[in-house]
Structure formats: structure tokens, C-alpha cells
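The values are calculated or read from the model by the stated rules, or taken from the named source; none is laboratory data. Just so it is clear, the structure is predicted and the values come from calculations on it, not from any experiment. Counting neighbours? That spans all protein chains shown, and the Cβs are built from the backbone with ideal geometry, glycine included.
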Amino acid sequence: MLFRTTVPNPQHVLTTLAVMAGLALSVSATAANEHEEAAKTEVWEPEPTQITFNAEGVPSDAKVLLGPDSDLYAWRGEKGDKAAWDFDQGVMTVSPGAGAVVTEDAFCDMQLHIEWRSPDKIEGRTGQQLGNSGVFLQQRYEVQVLDSWENRTYSNGQAASVYKQHIPLVNAMKPTGEWQRYDILFTAPRFDAEGALKEKARLTVLHNGVVVQNHVEIQGTTEYIGAPKYQAHGCAPLMLQDHGDKVSFRNIWVREL
Ligand code: MG
């Protein structure tokens, strides 16, 4: 095999180096241009606030309505009296006949986290008679709470339905007696100065982390009998229903949006 070595011509070397330097310069010029172009669509203000999480995963900007260390300070009876539900170590349980409980505070648009648990099944009871309660946004719009584990009822009245308006996309229930979780995004309805409806309310619900209501439009109050209706109102409390069943609640927090 024949090998041939070539002695580089110094002139060629200089020319090649000059070309390479030129290329590098034009590459960096292009990169600088790109940065400039990219910067035109960057938005730096406002900077999102850094939040933190406590041991239970509650965001630092949330208002805790019921937590492991809280009492019932955030709640009252629906008629303005004391919240007369059973309370033990951060768990609040419906006291049948005591009536609904509502928050002291009123809310408009919000993110709500709430956990609930159905009592044991009762022989002979079915459908709406098992573990019935409800999360009423603004005291008017109910996301149904029901023991929908192996308990058939009308689909627009099972757990995580918007009562008699929207059927949940799936049944995400865990078995009776286990804690269930709702994460709810609520956009309140808008009314004009004369009280006419401008925009209907909207709701997204995750049941045990699964989307079961996806930005659905609420048609008005969630009625047991008859059609939903809208009547102008402002921000209003969150309400939990006493439907005669010993449903428990814990870890309730709200982020106002
Ligand atoms: Mg109910």
C-alpha cells in the first residue's frame, strides 16, 4: 500500500482558518439575531408568585376551611346558628337533622379541594338513600355527594354529577368507607347591573384525580323538582348538605381565583 504525506501549504492553512473564523462569526451573528427575535415574544411581568406546600400538600395561598388542626371556626349553620355537625380531629360529619352547614366567608371564582367519605351501607337502602350529601357552590349549584360504589341511581344524580344537569364522564368512586377527593374549579355566573344573566357558571370536577366534569355550563340552581333557574347574586358561601346521612368531610381548602 502506498502512503503519501502532504506538507500543508501555509497559505492554504491561513485561508482555511480565515474561512472558519468567518463562519463562526456568522453563526454567532445568526444566534444573536435569533435571541433578539425570540426576546420580542418573551413576557417577564408579572412574575408568578412562588408558593409552597405544607406536609399535607396544601398550597400556601389556600384558605383552609377544615384541616387536621382546625376546629369549626370557618363554618356555621345555614340559618346563622352554630355549625351543629359532629367534629373530631379534623373530620366533620353530618349530624342528621341539624341542617346544612355553610362557610362564614363568601366566595366567587375558586378552586376547591374537599375530601368526603360515605358511611357503611345500610341494609334495604339504595340509590339516593345511601351516603347522600352535596357540595353546593355559592349555596346554589350542587356537585352531588353520594355513595355511588355499586349503587345505581339516575346518572345525573350519582356522585360527581352536577345534580340533574350533567352526568359525570366516568364513575371514579372508591369503595364505600374510603375517602373520596373532589377538586373543583368554579367560575361564578356573571350578572349585569340590572340583574340579567350575562354568563352562566362553569364547573370542572376531578373525582379522585380523574376529570369527570370538563368545564361544563351550569344551567342554574340544581333543583330536585323542576327546571334550573338563575337569579342574580353576588359572592356566596360554600354549603354542605344534610340529607340525613352521616357523610364525613375533611381537608377542605379554597383558593380564590
Ligand atoms: Mg345531595
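Gly90 meets the stated requirement of being in contact (Cβ under 8 Å) with a residue 60 or more places away in the chain, surrounded by fewer than 20 Cβ atoms within 10 Å (Cβ to Cβ) and under 21 Å from Val58 (Cβ atoms). Only one of the listed residues (Trp116, Trp149, Trp179) is away from the ligand (no atom under 15 Å from the Cβ) and within 22 Å of Ala62 (Cα to Cα). That residue is Trp179.
On inspection, Tyr141 passes the criterion of being within 13 Å of the ligand (Cβ to nearest atom), closer than 22 Å to Gly234 by Cβ and touching a residue at least 12 places away in the same chain (Cβ under 8 Å). The listed residues are Gln219, Gln158, and the only one of them that is in contact with a Ser or Thr (Cβ under 8 Å, 6 or more places away or on another chain) and in the same structural domain as Thr93 (by TED's automatic domain parsing) turns out to be Gln158.
Which residue pairs have Cβ atoms under 9 Å apart, sit 6 or more places apart or on different chains, and have a first residue in the range 246-257 that is closer than 12 Å to Gly67 by Cα and a second that is among the basic types (Lys, Arg)? Listed pairs, sorted by first residue: Phe249/Arg117; Arg250/Arg117; Asn251/Arg181; Trp253/Lys63; Val254/Lys63. Please work out if Val216 is away from the ligand (no atom under 16 Å from the Cβ) and part of a strand (DSSP E or B). Yes. The residues of the range 132-155 that are among the hydroxyl-bearing types (Ser, Thr, Tyr) and touching a helix residue (DSSP H, G or I) at 6+ places or on another chain (Cβ under 9 Å), listed by number, are Thr153, Tyr154.
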